[in-house]
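Heads up, the thing below is written out as structure tokens.
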Amino acid sequence: MARMNVERMQEYCLAKPGAWADNPWDHDYPVVKVGEGEHGKIFAFLGSGGVGLKCGPSRDAADDWLEQYPDDVKVMAYIGRSGWNDLSFRGEIPDDELLEAVDESYRLVVSAMAAKHRPDGWEEAVATPEPESEPEDAEPEDELSDETEGDDVMDIVEAEEGGEDDRDDDEPR
């Protein structure tokens, strides 16, 4: 299989529901937006050597990419503080990870849009596959037993949420 290039990346991005190419700055390659007209939001900046993507909801989250691929990921100018990185096509980042990064950028951008501007089918386009089911003889993890009474469960939930519980004020929490 050929390494990722801008044409393959553009084709992948444009296959997302509601995606369309725009070239507001007359660059060699377009940006890819999602959403109609003036409500469209960029989720990918295409370039000959890589793609700019929203790699996390914050700069801290997007920094994981810098740590994993220090030679192939750069913070994007101007918008990097909001979690945007440039990911190189020519380095060590596997193609499947580049495509997963596009999926995540699309998900982050669309989920931040007003619901009325989100394209139909966007959730299915970013849904993660269900994990394979565990074998029937596997032990369940941290499940409440059938013998647990409803009142006990509510006490636990209220305590975790900072609500009322039955302990005296001088008892440790």
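The values are calculated or read from the model by the stated rules, or taken from the named source; none is laboratory data. All figures in this text were calculated on a predicted structure; none of them were measured in a lab. Cβ sites come from the backbone with ideal geometry, for glycine too, and all protein chains shown count toward neighbours.
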Next item on the list: Of the conditions (1) under 19 Å from residue 85 (Cα atoms); (2) assigned to a loop (DSSP other than H, G, I, E, B); (3) at pLDDT 95 or above, residue 27 clears all except one; give me its number.
Entry: (3)
Next item on the list: Please determine, by comparing only the residues of the stretch 39-55 that are in contact with a helix residue (DSSP H, G or I) (Cβ under 6 Å, 6 or more places away or on another chain) and among the small types (Gly, Ala, Ser), which one is surrounded by the most Cβ atoms within 10 Å (Cβ to Cβ).
Entry: 44
Checklist line | Single residue of 83, 91 found to be within 22 Å of residue 43 (Cα to Cα), at pLDDT 50 or above, surrounded by 10 or more Cβ atoms within 10 Å (Cβ to Cβ) and in contact with a Cys (Cβ under 9 Å, 6 or more places away or on another chain) | finding: 83
Item checked: Pairs where the first residue, in the stretch 1-24, is closer than 21 Å to residue 124 by Cβ and in contact (Cβ under 8 Å) with a residue 40 or more places away in the chain and the second is small (Gly, Ala, Ser) and in a helix (DSSP H, G or I), C-beta under 6 Å, 6+ apart -> 16/125; 17/125
Check: How about the stretch 28-68: which of its residues are of a type in the set (Phe, Trp, Tyr), more than 15 Å from residue 103 (Cβ to Cβ) and within 18 Å of the chain's Cα centre (by Cα)?
Finding: 45
Next item on the list: Please indicate, with yes or no, whether at least one residue in the stretch 40-55 is within 16 Å of residue 81 (Cα to Cα) and of a type in the set (Lys, Arg).
Entry: yes
Item checked: Number of the condition not met by residue 32 [criteria: (1) touching a Phe, Trp or Tyr at 6+ places or on another chain (Cβ under 8 Å); (2) more than 24 Å from residue 120 (Cβ to Cβ)] -> (2)
Notebook entry, point to check: Taking the stretch 85-121 on its own, how many of its residues are under 12 Å from residue 9 (Cβ atoms), in contact (Cβ under 8 Å) with a residue 60 or more places away in the chain and in a helix (DSSP H, G or I)?
Noted result: 5
